[in-house]
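Peer 1: Quick one: the structure is below, questions incoming.
Just so it is clear, none of the values below were taken in a lab; they were calculated from the coordinates. Being a predicted model, the structure only gives us computed values, none of them experimental. In this analysis, Cβ positions are derived from the backbone assuming ideal geometry, glycine residues included, and neighbour counts consider all displayed protein chains.
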Amino acid sequence: MKKSDVLKQERAAIEAKIENLVSKADRSEGDDAEFDTLRTELEEMNRKIEREEAAEKFMAERATHAPVVHERKTTPKDYSFRKAIYEMSYAGGLTGLEKEMHEEAKRKNPEVQGIGVPEFVINSRADLAAASSAVVATDTRDFIDALRAKLVIVQAGARLMTGLTGNLSIPRLTGGAAAWEAENGDADDFGASFDAVTMSPKRLAAYQAMSKQLLIQSTYDVEQIIRGDMVRAIALAVDDAAIEGGAANTPTGILNTSGIGSVECGTTGAAPTWAHIVALEREV
């Protein structure tokens, strides 16, 4: 209910009291004094109603002619490393989406230092909207990106496990074997056994220093260029370590893991058969 309607109800109550006083055949001095008070209240109430109706009319006209503003929802694709670094360095703290993502990273890992960025923001490889930059006189044409090898480890069926914090142990079954026996012969031991595949964290990192002048003058979205190349380089390093590995501070890798990946094809080699291919898949 509008405020003017509430005031009109209050005015109607005052008018009813005045009507009761006026209808009396004999009014006392107290009735006359109450009448004067009610008449003053009625006049003040009329002024309030007039003022409130004018305010409501103004707001109604303003709403009719006001421009329609459509708010755009932000997504992880709108995250800007440049904005986060600038605000942390010069604005006294993060704001907007960058602040929300920092709080999300802190929620998952309370020990985050500096600017926290959730993993899904890094993996999105989103195109970031470049801020307005100064006009640079030198013309540039196209862009030659770095040549990178095609990533294959995930396409080959590798399982990605995210959100891990401690060492990982995966139980493994070494299957036994059954054998045909004579009618009254003793059964052989099935021979199944269990062990565990253990894994511990390895650190893969990279950073790129960029000057403030470059961020301001670049006619390209230099942040997105560096970011995209860095993501591809990290993914390629993961591919290399997963397949070969073995170097200092890297995972062991498939080729350097003992007990797998070896299928005999004869003393001096042989043309691979389908059975050999299946055996290789089983070994890995």
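Peer 1: Could you work out how far apart the two model spin labels at Ser23 and Val152 are, taking each label as a point 7 Å from the Cα in the direction of the beta carbon, and quote it in nm?
Peer 2: 10.0
Peer 1: Same structure again: What distance in nm separates the simple spin-label points at Ala178 and Ser258, each placed 7 Å from Cα in the Cβ direction?
Peer 2: The two pseudo-label positions are separated by 3.4 nm.
Peer 1: Under a point spin-label approximation (7 Å from Cα along Cα-to-Cβ), what is the Ala55-Glu43 distance to one decimal in nm?
Peer 2: 2.3
Peer 1: Which ordering of Glu50, Glu98 is given by a fewest-first count of other beta-carbon atoms within 10 Å?
Peer 2: Glu50, Glu98
Peer 1: Could you name the aspartates and glutamates in cross-link range of Lys57, using Cα to Cα under 17 Å and dropping any fewer than eight places away on the same chain?
Peer 2: Reachable aspartates and glutamates: Asp5.
Peer 1: Fewest to most neighbouring Cβ within 10 Å: what's the order for Leu168, Leu215, Leu173?
Peer 2: Fewest-to-most Cβ neighbours within 10 Å comes out as Leu173, Leu168, Leu215.
Peer 1: On a straight-distance basis, which lysines could pair with Lys17 in a cross-link, Cα separation under 16 angstrom, same-chain partners fewer than 8 positions away excluded?
Peer 2: Partners within reach: Lys8.
Peer 1: To continue, here is another question. How long are the semi-axes of the ellipsoid equivalent to segment 144-284, from square roots of 5 times the Cα gyration tensor eigenvalues, in whole Å, largest first?
Peer 2: Sorted largest first and rounded, they come to 47, 20, 12 Å.
Peer 1: Here's something else I'd like to know. Full extension from Ala12 to Asp32: what is 0.36 nm times the residue separation minus their Cα-Cα distance, to one decimal in nm?
Peer 2: 5.2 nm
Peer 1: Next question, about the same structure. Using only the alpha carbons, work out the radius of gyration and Dmax of segment 225-273 in angstrom.
Peer 2: 16.3, 51
Peer 1: Is any residue of segment 175-219 close enough, with backbone N under 18 Å, to a label point placed 7 angstrom from the Cα of Asp229 along the Cα-Cβ axis, and if so, which?
Peer 2: What the label zone holds, given the 18 Å backbone N cut-off, is 205-219.
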